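Contents: one structure, followed by commentary.
The values are calculated or read from the model by the stated rules, or taken from the named source; none is laboratory data. Here the structure is a predicted model, which means the values were calculated and not measured. Backbone-built Cβ (ideal geometry, glycine too); neighbour counts: all protein chains shown. Calculation scope for accessible area: heavy atoms of the full protein, side chains included, ligands and nucleic acids excluded. Shrake-Rupley method; radii C 1.70, N 1.55, O 1.52, S 1.80 Å.
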Amino acid sequence: MKLVIKNGTVVNPLVGKTEKTSIVIENGKVTEITAKPDTKDAEVFNAEGMFVAPGFIDIHVHFRDPGFEYKEDIFSGLEAAAAGGFTSVCTMPNTKPAADNVETIRYMYERAAKGNGVKLYPIAAATKGLKGESLAPIGELAEGGAIAISDDGRPIQNTDLLKRVMEYASTFDMMYVSHSEDLYLSETAQMNEGYYSTVYGMTGNPVVGEASQIARDCMMAEYLKLPIHIAHVSAALSVDIIKFFKERGAKITAETAPHYITLTDEALGGFDTNTKINPPLRSEADRLAVIKALKDGIIDAIATDHAPHHQREKEVEFNNAPSGIVGLETALPLVLKLYHDKELPIERIVELFTAGYKIMGIDGGKIEVGAPADITVFDPDYQWTVDKNMFKSKSRNTPFHGFHVKGAVSATIVDGKIVYSRDF
Amino acid sequence: MKHLLGIENLNKDQIMNILETAVSFAEINQRQIKKVPTLKGKTIINFFAEPSTRTRTSFEVAEKRLSADTYNIAVSGSAIQKGETLADTALNLQAMGPDAMVIRHSVSGTPQLLTEIMDCSIINAGDGFHEHPTQALLDAYTIWQRKGGFEGLKVALLGDIYHSRVARSNIYLLNKMGAHVSISGPGTMLPKEVEKMGVTVEKLPKYAVQDADIVMMLRVQNERASNLLYPDVREYSRYFMLTPELLKLAKKDALVMHPGPANRGVEIDDVVMDGEQSVILEQVSNGVNVRMAVLYLLLGGADK
């Protein structure tokens, strides 16, 4: 089986090249990058006017499987990933049971193997039951194929335990992913603390809670000389702290999500529970600082924090709604806005969507002869209106329904197989 | 206007229209027979998902004097206790064909949610810390009747601003009508960036009360003391209670207001509460006039 992606603009930042060319794929691998491909007996994907990039990697998704399959399961999650242009995803461990045992990790791999081909890499729990009380069997989890550890959503508050988690995990080269939140400050919070929480009459979660925990975790990483990854950075102060520790030479990487560069806390005015996210949508100054951090390289990656919830869970009084929104299928156009607004060059956009290869040590990040053909083709100019009812995800919890956006995934290719293509 | 969700989205003319309409209902409420057929045949559900004596009774009195058929639901007696979601309860109530639902709920934004689920008029009787529009309107009515207008008045708003929907609705309303609001309360009870709502923030009540035309007290929610808002009642009353001495700093003819229920000896001294300047019970009487006006304008007045 031979596939030729013809005449696209190949954006290959790791190789340092952006050029109009074609890619020949055989047996799941890239066999040739050439302007004059031999298309005899080949399936041809015409990528004229499109960008052809290394497969996108989303290092932060929640697939709810096992335990909450009514929100999302691994199959629907992988379909949503493919529709969003992602060829690899890293799943967070807050399933039921939590991914704190090797059987659950194996189950995830087995289910993913029966999926559409998009690669799934589980992030395991750092502590037993995500309870923040005792160490998970990190060695066995690593052996089972977990790619990192995290207590995402229920951050470790006990600093001594955090130290031990990082120390113990280092034996197995497992990196800790920090969901940075001071639970005392956010306990009853519904949104960011600021002018809009005052006006809307809701309890606020101050930026300080996120930033202080990022500071703590970065200090710990520097002290232990271990890498750490900071999840979903949402605030200007957080950016400054990450910058401070990066400049000191600590091994820190960080991600943000498309919603933090698109919306602010003003968006909660309609009391739409699809604007309830953790960390919360912040102020306009924070939004601009996060965009700048993407530009400056302080934030390394875009991750969606894809968090499906069933409509009946979201159609409730605001305080009773769970936090989180789906993100896989809207990420690209939201981030491409920065390209259209001339904030970021296309090479940087592609870097941000593929940085998972270096952060998590996943195969990918570049298109090269001999490498697995994980490729994302997208049309940067295609205009469409987000319709949540068209999502491949089982869930519909998005604040972007009805948004007019520019840029769409044309095809998602994993190991040389087209797992998604859009009917324009 | 179909719903009354808050003061934020009302303009000055709409507010004055409500107050002026309330005047004619005040007249009715002075009669021997305080009942008119205006809303005969209309069905109104009062859904109170949070304890309330004053507001609920006031709405019910207003509805009955307008001859509407009214039904009261409290959470303890509703299907929500049995695990039904609010959305499903709302759909079921909608199926019974009410013309309006008056809703009190502890979560901000719930009345807005109901407008998306139900077809009838939704009247916000207080949501979370967000808004309590009819309270602000009855406060405005009281001020208007007593002071003849709003322009240039200084209103001191004292106490727990953070948790107060009354404060937010009053700030919106008084600003729209040209009054000036000074607020004061302990730091734990002042929400962030509240000055951007167009109020002057004073550290201690004595600065806010200085030369005020109106001193409006807010209830200290005793049940919140456990939330580390203030050390104890003794300390709170020492610095934030409206005493006769504090009131002397206001204008001589200043009015003392309180949305109730008041904690005597905590945020307001008995002498002040029962004193000549207090219009607290007048507020309650005016509540019926104003709520009749709101119901009339939403349900009966539009097509007349």
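Tell me which residues, restricted to region A:229-241, are more than 22 Å from A:Ser395 (Cβ to Cβ) and buried (at least 24 other Cβ atoms within 10 Å of the Cβ).
Matches in region A:229-241: A:His229, A:Ile230, A:Val233, A:Ala235, A:Ser238, A:Val239, A:Ile241.
What pairs can you find where one residue is in region A:225-237 and modelled with pLDDT of 95 or more, the other is open to solvent by less than 30 Å² (accessible area, probe 1.4 Å) and basic (Lys, Arg), and their Cβ atoms are less than 9 Å apart, with a gap of 6+ or different chains?
A:Ser234/A:Arg282; A:Ala235/A:Arg282; A:Ala236/A:Arg282
Counting only residues that are in a helix (DSSP H, G or I), more than 11 Å from chain B (Cβ to nearest Cβ) and not aliphatic (A, V, I, L, M), how many does region A:266-290 have?
Going residue by residue through region A:266-290, those that are in a helix (DSSP H, G or I) are A:266-270, A:273-275, A:284-290.
Filter again for more than 11 Å from chain B (Cβ to nearest Cβ), leaving A:266-267, A:274, A:284-290.
Then keep just the ones that are not aliphatic (A, V, I, L, M); that gives A:266, A:274, A:284, A:286-287.
Residues flagged as in a helix (DSSP H, G or I), more than 11 Å from chain B (Cβ to nearest Cβ) and not aliphatic (A, V, I, L, M) within region A:266-290 amount to 5.
Go through region B:79-107 and count every residue that is of a type in the set (Gly, Ala, Ser), within 14 Å of chain A (Cβ to nearest Cβ) and in contact (Cβ under 8 Å) with a residue 24 or more places away in the chain.
Summing the residues that are of a type in the set (Gly, Ala, Ser), within 14 Å of chain A (Cβ to nearest Cβ) and in contact (Cβ under 8 Å) with a residue 24 or more places away in the chain in region B:79-107 gives 3.
Can you pull out the residues in region A:66-78 that are surrounded by 23 or more Cβ atoms within 10 Å (Cβ to Cβ) and assigned to a helix (DSSP H, G or I)?
Of all residues in region A:66-78, those surrounded by 23 or more Cβ atoms within 10 Å (Cβ to Cβ) come to A:71-72, A:74, A:77-78.
A:Ile74, A:Gly77, A:Leu78 - these are the residues of region A:66-78 that are surrounded by 23 or more Cβ atoms within 10 Å (Cβ to Cβ) and assigned to a helix (DSSP H, G or I).
Select from region B:174-196 the residues that are part of a helix (DSSP H, G or I), within 14 Å of chain A (Cβ to nearest Cβ), open to solvent by less than 20 Å² (accessible area, probe 1.4 Å) and not β-branched (Val, Ile, Thr) and list them in ascending order.
Within region B:174-196, B:Met189 is the sole residue that qualifies.
Can you tell me which of (1) modelled with pLDDT of 95 or more; (2) surrounded by fewer than 17 Cβ atoms within 10 Å (Cβ to Cβ); (3) not hydroxyl-bearing (Ser, Thr, Tyr) is the one A:Gln311 doesn't meet?
Here A:Gln311 meets the rest and fails (1).
Only residues that are among the basic types (Lys, Arg) and either open to solvent by less than 10 Å² (accessible area, probe 1.4 Å) or in a strand (DSSP E or B) (or both): list them for region A:82-133, please.
A:Lys119
Looking only at residues in region B:197-225 that are outside any helix (DSSP H, G or I), open to solvent by less than 30 Å² (accessible area, probe 1.4 Å) and under 20 Å from B:Gln283 (Cβ atoms), which one is nearest to the other protein chains (Cβ to nearest Cβ)? Please lay out each step first, then the result.
Taking region B:197-225 as the starting set, the residues that turn out to be outside any helix (DSSP H, G or I) are B:198-204, B:210-221.
Those left that are additionally open to solvent by less than 30 Å² (accessible area, probe 1.4 Å): B:199, B:212-218, B:220.
Next, from what is left, pick out any that are under 20 Å from B:Gln283 (Cβ atoms): B:212-218, B:220.
On the way: B:Ala212: 22, B:Asp213: 25, B:Ile214: 22, B:Val215: 22, B:Met216: 18, B:Met217: 19, B:Leu218: 14, B:Val220: 17 Å.
Across region B:197-225, the extreme among qualifying residues is B:Leu218.
Name the single residue, out of those in region A:197-228 being away from chain B (no Cβ under 14 Å) and among the hydroxyl-bearing types (Ser, Thr, Tyr), that is most open to solvent (accessible area, probe 1.4 Å).
In the first step, residues of region A:197-228 are kept if they are away from chain B (no Cβ under 14 Å); the result is A:210-228.
Now drop any that are not among the hydroxyl-bearing types (Ser, Thr, Tyr), which leaves A:212, A:223.
Working: A:Ser212: 47, A:Tyr223: 154 Å².
The selected residue is A:Tyr223.
Go through region B:1-21 residue by residue and tally those that are open to solvent by 20 Å² or more (accessible area, probe 1.4 Å), within 14 Å of chain A (Cβ to nearest Cβ) and touching a residue at least 12 places away in the same chain (Cβ under 8 Å).
3
Could you check region B:108-125 and list, in sequence order, the residues that are away from chain A (no Cβ under 12 Å), small (Gly, Ala, Ser) and out of contact with any Leu (no Cβ under 9 Å at 6 or more places or on another chain)?
Within region B:108-125, B:Ala125 is the sole residue that qualifies.
Quick check on region B:126-173: of everything there that is open to solvent by 10 Å² or more (accessible area, probe 1.4 Å) and of a type in the set (Lys, Arg), which residue is nearest to the other protein chains (Cβ to nearest Cβ)?
Per the stated criteria, the residue is B:Arg165.
Listed here are the residues, each with its yes/no results for (1) crowded, with 18+ Cβ neighbours inside 10 Å; (2) closer than 29 Å to A:Lys292 by Cβ; (3) β-branched (Val, Ile, Thr); (4) not assigned by TED's automatic domain parsing to the domain that holds A:Phe318.
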residue: A:Leu344; (1), (2), (3), (4): yes, yes, no, no
residue: A:Glu351; (1), (2), (3), (4): yes, yes, no, no
residue: A:Ser395; (1), (2), (3), (4): yes, no, no, yes
residue: A:His401; (1), (2), (3), (4): no, yes, no, yes
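On the basis of being open to solvent by 10 Å² or more (accessible area, probe 1.4 Å), modelled with pLDDT of 95 or more, more than 17 Å from A:Pro54 (Cβ to Cβ) and more than 14 Å from chain B (Cβ to nearest Cβ), does A:Gly297 make the cut?
yes
Filter region B:51-69 down to the residues that are open to solvent by 50 Å² or more (accessible area, probe 1.4 Å), in a loop (DSSP other than H, G, I, E, B) and in contact (Cβ under 8 Å) with a residue 40 or more places away in the chain and list them by number.
Across region B:51-69, the qualifying residue is only B:Thr53.
Is it the case that B:Ser24 is part of a helix (DSSP H, G or I) and buried (at least 22 other Cβ atoms within 10 Å of the Cβ)?
Answer is no for this residue.
Name every residue in region A:387-424 that is free of Cβ contacts under 8 Å to residues at least 60 places away in the same chain, in contact with a His (Cβ under 9 Å, 6 or more places away or on another chain) and either of a type in the set (S, T, N, Q) or assigned to a strand (DSSP E or B) (or both), in order of residue number.
A:Asn389
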